[in-house]
Amino acid sequence: MVSQIDFLKSLPDESLSTIQTINLPQLINKGIRLDVKREDLVHPYLSGNKWRKLKYNLLEALKQQNRKLLTFGGAHSNHIYATAAAGKLFDLQTIGIIRGHELDATNETLAFAKACGMGLKFISRQDYKNKAENSFLQHLKGEFGDFYLIPEGGTNTFAVKGCEEILSRADYLHYDFIAVMMGTSGTATGILNASSGFSHILGVSALKGDFMANEIGKLNVKYGLKGYLNYSAITQYHHGGYAKSSPELDDFIVQFQTKTGIPIEHVYSGKLFYALFDLIAKDFFRAGTKILAIHTGGLR
């Protein structure tokens, strides 16, 4: 059984999050510098923002001497994947409450979660809407006993604290824009809070709907953060919605990976780079702009 000291010794190697420059004609012709912070490299299973969101939650669970983690997600959730991997790595019991039918249990994400020892409970989409209700959580405690709750997508105050560590002082002083994908918006909120008001935090939404433009502001208030206003959200690059794709995005991912050697996917990272290259082509950024794109992992 891992102790808190052993846990700290076993953390993913965040020093592997190096910065890689992309040198492509589209960027050179527009006079744009685009660098990538490779958060996807910190660990094979706990990469990117999923690890950052889990880090302080796991430490808090150990502090509370609670070795049972319960969380929520869809059948293809990277958060479910990462939580299951963390449970296996640090000898913690994990339970995933999955939105939808058990027919989805054969997909790669849930097969991996089960192989890591995660217990899966499938509930209807209607019941899933009650995941934050106290009565529903009490029902789960009656079924599973006491547990440490990690919200859907991992976003809470501990997650925001972890995501703050993605951005260094050198980053926000050097780059004009810090670009990052938005799902639950916890990663973008943490990066914003770490920015000290410098750079412009550009969030690209993976979800369909203009409501995403207000999510960072809501989390700033919810968690009592510094409330910096140097951010904006772009909501038109969802390609149909969460985990959806398009022929244009599929083609872009193939071309980008071939030319840069950086692996990306259609849920988060592919949409981020598609948006950036489209915005660059449309002169959204002036010549001489320096952009740091955060690769948040999520790769299999």
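Evaluation of residue 176 against the conditions (1) modelled with pLDDT under 95; (2) in contact with a strand residue (DSSP E or B) (Cβ under 6 Å, 6 or more places away or on another chain) shows that the sole unmet condition is (1). Of the set (1) exposed (fewer than 15 other Cβ atoms within 10 Å of the Cβ); (2) free of Cβ contacts under 8 Å to residues at least 60 places away in the same chain; (3) closer than 21 Å to residue 39 by Cβ, all apply to residue 216 but (1). If the condition is being in contact with a strand residue (DSSP E or B) (Cβ under 9 Å, 6 or more places away or on another chain) and surrounded by fewer than 23 Cβ atoms within 10 Å (Cβ to Cβ), then the range 43-60 contributes only 60.
Residues satisfying the criterion are absent from the range 220-238 (criterion: within 17 Å of the chain's Cα centre (by Cα), part of a helix (DSSP H, G or I) and either under 13 Å from residue 178 (Cβ atoms) or among the hydroxyl-bearing types (Ser, Thr, Tyr) (or both)). Is the range 280-299 home to any residue that is more than 20 Å from residue 186 (Cα to Cα) and under 17 Å from the mean Cα position of the chain (by Cα)? Scanning the range 280-299 turns up no residue that is more than 20 Å from residue 186 (Cα to Cα) and under 17 Å from the mean Cα position of the chain (by Cα).
Just so you know, in the range 66-110 the residues that are part of a helix (DSSP H, G or I) and of a type in the set (Ser, Thr, Tyr) include one that is modelled with the highest pLDDT, and it is 83. Looking only at the range 7-65, count how many residues are within 17 Å of residue 84 (Cβ to Cβ) and among the small types (Gly, Ala, Ser). Counting residues in the range 7-65 that are within 17 Å of residue 84 (Cβ to Cβ) and among the small types (Gly, Ala, Ser) gives 4. Taken over the range 256-279, residues that are among the β-branched types (Val, Ile, Thr) and over 21 Å from the mean Cα position of the chain (by Cα) amount to 2.
The one condition from (1) in contact with a helix residue (DSSP H, G or I) (Cβ under 9 Å, 6 or more places away or on another chain); (2) part of a loop (DSSP other than H, G, I, E, B); (3) at pLDDT below 95 that residue 262 does not meet is (3). Residue 287 passes every criterion in (1) touching a helix residue (DSSP H, G or I) at 6+ places or on another chain (Cβ under 8 Å); (2) surrounded by fewer than 16 Cβ atoms within 10 Å (Cβ to Cβ); (3) under 30 Å from residue 85 (Cα atoms); (4) among the small types (Gly, Ala, Ser) apart from (3). The set of residues in the range 82-93 that are within 11 Å of residue 54 (Cβ to Cβ) and of a type outside the set (Gly, Ala, Ser) comprises 83, 89, 90, 92. For the range 226-238, the criterion of being closer than 21 Å to residue 47 by Cα and in contact with a Gly (Cβ under 9 Å, 6 or more places away or on another chain) is met by none of the residues. Taken over the range 25-51, the criterion of being part of a helix (DSSP H, G or I) and without any contact (Cβ under 8 Å) to a residue 60 or more places away in the chain is satisfied by 25, 28, 29, 41.
Would you call residue 120 outside the structural domain of residue 283 (by TED's automatic domain parsing) and within 21 Å of residue 16 (Cβ to Cβ)? Here the answer is no, as residue 120 does not meet what is asked.
The values are calculated or read from the model by the stated rules, or taken from the named source; none is laboratory data. Everything quoted here is computed from the prediction, not taken from an experiment. Virtual Cβ from ideal backbone geometry, glycine too; neighbours counted across all protein chains shown.
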